[in-house]
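J.: After the structure tokens below, expect a handful of questions from me.
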């Protein structure tokens with residue numbers, strides 16, 4: 001099947017147990033059709049780079065637009081409508097999105113310490129001292 005026909009897509013870090021577990025929960029809760037580790041996705045077809053995917057969660061909408069990090073979560077919620085759509089829109093409000101970005105970055109930087117996380121979940125940023 002052509003990847004363009006299977007949008008929207010939630011693309012996550014499949015090397016991280018915490019991310020995998022979180023993505024599977026999002027798939028169930030938001031009833032997403034495509035949730036895939038970036039390591040197995042055709043990134044070119046999705047308009048993504050490995051660097052983007054290593055940095056944060058990615059959402060590719062039906063029209064091909066990309067959202068990252070906490071905005072990817074909000075976009076996935078908005079795509080489902082109903083109460084999830086409302087929560088997704090609230091996550092994009094100025095004060096809330098600022099807080100969401102901070103929380104997302106803290107979780108991303110500490111995912112190896114969170115339940116289900118492993119040493120493989122540590123950020124692989126060459127500029128980091130981790």
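J.: Residue check: is residue 14 surrounded by 16 or more Cβ atoms within 10 Å (Cβ to Cβ), within 12 Å of the chain's Cα centre (by Cα) and over 25 Å from residue 93 (Cβ atoms)?
T.: Yes: the conditions hold for residue 14.
J.: Within the range 61-68, is there a residue that is free of Cβ contacts under 8 Å to residues at least 12 places away in the same chain, in contact with a helix residue (DSSP H, G or I) (Cβ under 6 Å, 6 or more places away or on another chain), buried (at least 18 other Cβ atoms within 10 Å of the Cβ) and within 18 Å of residue 89 (Cβ to Cβ)?
T.: The answer is yes; a qualifying residue exists.
J.: May I ask you to list the residues in the range 29-66 that are modelled with pLDDT of 95 or more, assigned to a helix (DSSP H, G or I) and under 17 Å from residue 80 (Cα atoms)?
T.: none
J.: Determine, yes or no, whether residue 56 is free of Cβ contacts under 8 Å to residues at least 24 places away in the same chain, surrounded by 12 or more Cβ atoms within 10 Å (Cβ to Cβ) and in contact with a strand residue (DSSP E or B) (Cβ under 7 Å, 6 or more places away or on another chain).
T.: no
J.: Something else now. Quick one: which of 74, 108, 82 is at pLDDT below 95, surrounded by 17 or more Cβ atoms within 10 Å (Cβ to Cβ) and either under 20 Å from residue 28 (Cα atoms) or under 14 Å from the mean Cα position of the chain (by Cα) (or both)?
T.: Of 74, 108, 82, the one residue that is at pLDDT below 95, surrounded by 17 or more Cβ atoms within 10 Å (Cβ to Cβ) and either under 20 Å from residue 28 (Cα atoms) or under 14 Å from the mean Cα position of the chain (by Cα) (or both) is 108.
J.: Can you tell me which condition residue 20 does not meet? The list is (1) in a helix (DSSP H, G or I); (2) modelled with pLDDT of 95 or more; (3) in contact with a strand residue (DSSP E or B) (Cβ under 9 Å, 6 or more places away or on another chain), and all the others hold.
T.: Unmet condition: (2).
The values are calculated or read from the model by the stated rules, or taken from the named source; none is laboratory data. Everything numeric in this text was worked out from a predicted model, so none of it was measured. FYI the Cβ positions are ideal-geometry reconstructions off the backbone, even for glycines, and counts take in every protein chain you see.
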